[in-house]
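First comes the structure, then the notes that go with it.
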Amino acid sequence: MASLDDILSTQKNGVIAINNLNQTLKLIEADLPCICTNLAGILIALQDIAANSGPSVTSPTVAASTTQLIVAGSGRLFSVSIPTYSGSSQIRVYNSATTGGISASNLIFQSLPSNTAGWVTYYSVSLAYSNGIVIATDASTTCAVSYTPTP
């Protein structure tokens, strides 16, 4: 059977533990507003990156018979607009950081020729790019794209 001294020592240790826990909780409570503010900012940034939900930049119109670097880096291509076209002209969008680096292996979008039944002047797409966007237009064809670069 435990003595009265043992019971009092156990109770004293319990009170000390509760006081230590209270002091720790007060320290956490004092830092909580700062922690919550930082976490909220991080969460918003992560949601924006993860969603990459819409275009933030629209390129200038690329003239006919031109190959032009639109942006270097990574991101997501959201739309391709082809306001001027004729004959079997097409546009091609490449995942490349330079105009000299384009090839069939990094082609990410190609329009249908205008003499086909499926021709449209606006394409809504969701295509990731990792190196950049280069647009190549044929004769009598112009193009612009909307994209969001990865921050």
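Every number here is computed from the coordinates shown, using simple stated rules; none is lab data. For clarity, every value in this text was computed on a predicted model and none was experimentally measured. Here the Cβ is made from the backbone with ideal geometry for all residues, glycine too, and neighbour counts use every protein chain on show.
Could you order peptides 129-142, 75-88, 99-112 by the average number of other Cβ atoms within 10 Å of their residues, highest first?
Details: 129-142: 20.3, 75-88: 18.1, 99-112: 14.4.
The peptides rank, most packed first, as 129-142, 75-88, 99-112.
Working from the alpha-carbon coordinates of the range 57-149, get Rg over Rh, Rh being the Kirkwood radius.
Values: Rg = 12.0 Å, Rh = 12.8 Å.
Rg divided by Rh gives 0.93.
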